[in-house]
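Report on the following structure.
The values are calculated or read from the model by the stated rules, or taken from the named source; none is laboratory data. Everything quoted here is computed from the prediction, not taken from an experiment. Cβ: placed from backbone, ideal geometry, glycine included. Neighbour counts: every protein chain shown.
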């Protein structure tokens, strides 16, 4: 399996831990402020991105959905609202994030429709052909091995099932790009340090976005991983993109 540049980008440069362990530790540390920072740093626009991503599944009417790198369960909760499946399973490597997600589910009375489990995107603990749809929002960038994660998600999809990936990308417009780079390099880590007491996490966010194989490069990787009918849609000047593929 080949390595991609972002596979080697880690949150804590002087740590002996693997990328996977570092990402789990990082999210455990910032979990208590994660939802707030998401809304704040994206001026709330991240909610509409998630809605647009999930609307790619409307015609499919999936009954069983797996949300990979579910974090605090935002996509799972929105999927329940928008798509009304029978069951949604969310997996994440950060127990800290899942704890917050489970509290959210209880408040909303959704703990019987959505289950949040500790799990790894690269060894998904479900049988082949278990799900009608797999979603992953802002998570593939954190995979230690991108190809392995994509292959695993394809394995648990039923034939005809759909993968929907939402991920940061880099804006193309010159003026917007200049502002965006300043924002990601300076403002985001600054706010991360102030509010989540963790500058590393938000510096890592920028570095991993800069190195991620986006656009047609990512479509190419999806096709090599065996996905068909692939397409992508850039959102908000290309700050993020939706990628889709069918098993």
Screening 158, 141, 102 for residues that are under 14 Å from residue 227 (Cβ atoms) and either in contact with a strand residue (DSSP E or B) (Cβ under 9 Å, 6 or more places away or on another chain) or surrounded by 21 or more Cβ atoms within 10 Å (Cβ to Cβ) (or both) leaves only 158
Residue that is farther than 18 Å from residue 206 by Cα, touching a residue at least 24 places away in the same chain (Cβ under 8 Å) and within 18 Å of the chain's Cα centre (by Cα), where the choices are 19, 51: 51
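Let's see how each residue does on (1) over 28 Å from residue 59 (Cβ atoms); (2) modelled with pLDDT under 95:
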residue	(1), (2)
85	no, no
88	no, no
95	yes, no
99	yes, no
108	no, no
112	no, no
116	no, no
121	no, yes
129	no, no
Checking 177, 233, 185 in turn, the sole residue that is surrounded by fewer than 16 Cβ atoms within 10 Å (Cβ to Cβ), touching a helix residue (DSSP H, G or I) at 6+ places or on another chain (Cβ under 9 Å) and not in a helix (DSSP H, G or I) turns out to be 233
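For the condition closer than 24 Å to residue 8 by Cβ and assigned to a helix (DSSP H, G or I), what is the one hit in 81, 104, 148?
Answer to the selection: 148.
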If residue 201 meets every condition in (1) modelled with pLDDT of 90 or more; (2) under 25 Å from residue 73 (Cβ atoms) apart from one, which number is that one? (1)
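Inspect all residues belonging to region 115-132 and state whether any of them is closer than 22 Å to residue 227 by Cβ and surrounded by 23 or more Cβ atoms within 10 Å (Cβ to Cβ).
For region 115-132, residues closer than 22 Å to residue 227 by Cβ and surrounded by 23 or more Cβ atoms within 10 Å (Cβ to Cβ): present.
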Go over the candidates 23, 75 one by one and state the one that is part of a helix (DSSP H, G or I) and out of contact with any strand residue (DSSP E or B) (no Cβ under 6 Å at 6 or more places or on another chain). 23
Being buried (at least 20 other Cβ atoms within 10 Å of the Cβ) and either over 20 Å from residue 190 (Cα atoms) or under 16 Å from the mean Cα position of the chain (by Cα) (or both) narrows it down to one residue among 5, 24; which is it? 24
